[in-house]
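Everything below concerns the one structure shown next.
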Amino acid sequence: MQNIVKTFRHINTLEGYSYLILLFVAMPLKYLFGFALAVKIVGMLHGVLFITLSLFLVLASQKAKWSFKENAIFFIASLIPFATFITSKKIKTYE
């Protein structure tokens, strides 16, 4: 159980960083400097991490027996910049 929850926490953190890089690095590069490739690369990486995060959320919630409310909070936090770093502390309590 601890390994899946720990892996989920690490993916949560990586996905949070990829989201911030997409928003604050890749998108300005695209719209200010016309470097669209930055969004394609970072966007693909972020998409893969988001799908992986979603899969590990299901696995971790089954192993740790999280409530629907906790699942919803963790999922919604993945959609909000900086929120994944706050939920990472909560996830650590389940390890």
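Each value in this text was obtained by applying a stated rule to the coordinates, not by laboratory testing. Keep in mind that what you see is a predicted model, and the values were worked out from it rather than measured. For neighbour counting, all protein chains shown are included, and Cβ atoms are generated from backbone atoms with ideal geometry for every residue, glycine included.
Of all the listed residues (F74, F82, F8), the sole one being touching a residue at least 60 places away in the same chain (Cβ under 8 Å) and on the phi > 0 side of the Ramachandran plot is F82.
Restricting to region 80-95, give me the number of residues that are in a loop (DSSP other than H, G, I, E, B) and either among the β-branched types (V, I, T) or under 16 Å from S61 (Cα atoms) (or both). Residues meeting the conditions: 4. Among residues of region 18-44 that are within 21 Å of F82 (Cα to Cα), those with a beta-carbon under 7 Å from a residue that is part of a loop (DSSP other than H, G, I, E, B) at least six positions away or on a different chain give the pairs Y19/P81; L20/P81; L23/P81; L29/F35. Taking F35 as the residue in question, decide whether it is surrounded by fewer than 15 Cβ atoms within 10 Å (Cβ to Cβ) and either hydroxyl-bearing (S, T, Y) or not in a helix (DSSP H, G or I) (or both). So F35 fits the description; yes.
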